[in-house]
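The values are calculated or read from the model by the stated rules, or taken from the named source; none is laboratory data. Because the structure is predicted, anything quoted here is derived from the model rather than measured. Cβ placement follows ideal geometry from the backbone for every residue including glycine, while neighbour counts extend to all protein chains displayed.
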C-alpha cells in the first residue's frame, strides 16, 4: 500500500514537471492514445524505481535530489549539449553572458564521448599555455573526465582568479599525454581584433567570438580599413568558437545582397524552421574576401563561413571546421532551475548541414608554425650556447617580431592573384 501511495506521489510530481514545461511555452506534440498509454506505463516504472530507492538505499535521499538526478540523466542521454541545470548551475551559465568571468579561456564540447577543446580564446591563460583546438582533456586535477558532462567540466575548470588547475591533455597528432598547469584569470573577450592593412592594400580582421556588439565593431573596423584604401579583405575565423546567432547574421549580411539567406534552422516543430535573411542596407560587394577557418572554428563561425561560401562571396582557406551546428534553447523552470534543450540544427544557404559535418575549405592548407626566432635557435650549435646567452637581449627583441603565418600569406597571394585577374578581365 505504501509503495502504491509513493508511486502515486511521484507520478503526480512528474505530471507537475510536465506542467512546468508547458508554462515555459514549449509547444508539445499531440501524442496518440497509444503513445500516451506508453508514457504513463513508463512513469509508473520510474515512480516504482524511486520508491524502491527511497525505501531501501543505504542512506536517506531527498526527493528533490532524486528528481534532479533523474532529469540530469534524461537530458544528458539526448546529446552532449542538452542538459538539466539546477539553480546554481543555471546561475553560472548566466555569468557567461556578462562577457567577463574567472576561468582558463577555453571553449569545450563533448566529441566522440571525450571532453574536447573547441578552441582556446586569444589572449587567455589557455592560449598562452599552448592548448590547441582538438586537444582532449582526459584529467582535471588528476581526476579522469570519463563520462563527465559539459556542466560538470565547466564547474571544475572555473574558479577564483589566481587559483591553479592541472590538466592532462591527450594530443592525438603527437600520440602522447601532456601536462599543463594553468592559473585562472578574469576572462575578458574582445570580439573584433587586429583590424589593419597588412600588405598591398589588403586588409585583415580577426573575429575572436560573436558577441552582441560584434556587428557594430566590425562596421567600425571596415570603415577604418576602407578609408585607408583597402582593396581586398581577409577575415580570420580560426579558433573562433562561435557565439550569438544574431551576431553571425550581422557579420555575414555585410558582404551579401539584401534578401539573401544567411542561415536556416530546422527542427521537429514548425516554429523552429526559420530562415534568417540579410538586411544590411549598404553591404560591401565590391572587393574580394578570403575567410580563414580551422578545426577551432565552430557554430556562428561556421554560419558565416558557410553563408559567404554558398553565395560565392568568399573563398574559404585553411582546414575543416569543428562541426557544431545545433541550436540550444534555455527554458527557465519555476524553482530557478532550467532545461537546455537542442531544438533545431543549422543549415547553410545551399541546404547543407553543419552539425557533425563541418565546413570544408575551398583551399585546404594546414597551419605551419614558423618564426625567425625558431629558425635562429635551430641554427645554433652546442658551442654557441654562451653566445646565445650574451645575445639574450637581442633575442628577446626578436621575439616581438610578427610570427610567420603560412595561411595568411597564402590568403594574401590569393587576393593579389584575384585582383590581377579582375583587372585582366576588364581589359
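Okay, residues lined up against (1) under 20 Å from residue 318 (Cα atoms); (2) in contact with a helix residue (DSSP H, G or I) (Cβ under 7 Å, 6 or more places away or on another chain); (3) assigned to a strand (DSSP E or B); (4) in the same structural domain as residue 349 (by TED's automatic domain parsing):
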position	(1), (2), (3), (4)
217	no, no, no, yes
223	no, no, no, yes
226	no, no, no, yes
246	no, no, no, yes
250	no, yes, no, yes
254	no, yes, no, yes
262	no, yes, yes, yes
265	no, yes, yes, yes
- Can you find even one residue in region 51-68 that is part of a loop (DSSP other than H, G, I, E, B) and closer than 27 Å to residue 356 by Cα? no
- touching a helix residue (DSSP H, G or I) at 6+ places or on another chain (Cβ under 8 Å), surrounded by 17 or more Cβ atoms within 10 Å (Cβ to Cβ) and at pLDDT below 85, is that true of residue 85? no
- Just need a number here: residues in region 345-375 that are modelled with pLDDT of 95 or more, part of a strand (DSSP E or B) and either in contact with a strand residue (DSSP E or B) (Cβ under 7 Å, 6 or more places away or on another chain) or surrounded by 13 or more Cβ atoms within 10 Å (Cβ to Cβ) (or both). 5
- Note on the structure: Counting only residues in region 108-131 that are surrounded by fewer than 19 Cβ atoms within 10 Å (Cβ to Cβ) and in a loop (DSSP other than H, G, I, E, B), the one modelled with the highest pLDDT is identified as 130
- Message: If residue 145 meets every condition in (1) surrounded by 18 or more Cβ atoms within 10 Å (Cβ to Cβ); (2) closer than 24 Å to residue 366 by Cα; (3) modelled with pLDDT of 85 or more apart from one, which number is that one?
- Response: (2)
- Query: Can you spot a residue in region 90-105 that is modelled with pLDDT under 90, assigned to a helix (DSSP H, G or I) and surrounded by 19 or more Cβ atoms within 10 Å (Cβ to Cβ)?
  - Reply: yes
- Task: Test residue 279 against the stated conditions and say whether it is over 30 Å from residue 134 (Cβ atoms), touching a helix residue (DSSP H, G or I) at 6+ places or on another chain (Cβ under 7 Å) and in a loop (DSSP other than H, G, I, E, B).
- Result: no
- Query: Could you say whether any residue in region 297-308 is assigned to a strand (DSSP E or B) and either surrounded by fewer than 21 Cβ atoms within 10 Å (Cβ to Cβ) or touching a helix residue (DSSP H, G or I) at 6+ places or on another chain (Cβ under 6 Å) (or both)?
  - Reply: no
- Task: From 239, 294, grab the single residue that is within 19 Å of residue 218 (Cα to Cα) and crowded, with 21+ Cβ neighbours inside 10 Å.
- Result: 239
- Message: Quick check on region 242-253: of everything there that is without any contact (Cβ under 8 Å) to a residue 40 or more places away in the chain and crowded, with 19+ Cβ neighbours inside 10 Å, which residue is farthest from the chain's Cα centre (by Cα)?
- Response: 253
- Query: So how many residues does region 161-198 have that are closer than 17 Å to residue 126 by Cβ and part of a loop (DSSP other than H, G, I, E, B)?
  - Reply: 6
- Message: Criterion first (over 30 Å from residue 298 (Cα atoms), out of contact with any helix residue (DSSP H, G or I) (no Cβ under 6 Å at 6 or more places or on another chain), modelled with pLDDT of 50 or more and not assigned by TED's automatic domain parsing to the domain that holds residue 289) does residue 421 satisfy it?
- Response: yes
- Got a sec? Which of 202, 208 is under 18 Å from residue 103 (Cβ atoms), at pLDDT 90 or above and buried (at least 19 other Cβ atoms within 10 Å of the Cβ)? 208
- Message: For region 164-179, check the following and say yes or no: at least one residue is in contact with a helix residue (DSSP H, G or I) (Cβ under 8 Å, 6 or more places away or on another chain) and surrounded by fewer than 19 Cβ atoms within 10 Å (Cβ to Cβ).
- Response: yes
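Please count how many residues of region 211-231 are buried (at least 22 other Cβ atoms within 10 Å of the Cβ) and either at pLDDT below 95 or touching a strand residue (DSSP E or B) at 6+ places or on another chain (Cβ under 8 Å) (or both). Quick ask: steps written out before the conclusion?
Taking region 211-231 first, the residues buried (at least 22 other Cβ atoms within 10 Å of the Cβ) are 214-215.
Still in the list and also either at pLDDT below 95 or touching a strand residue (DSSP E or B) at 6+ places or on another chain (Cβ under 8 Å) (or both): 214.
Looking only at that region, the number is 1.
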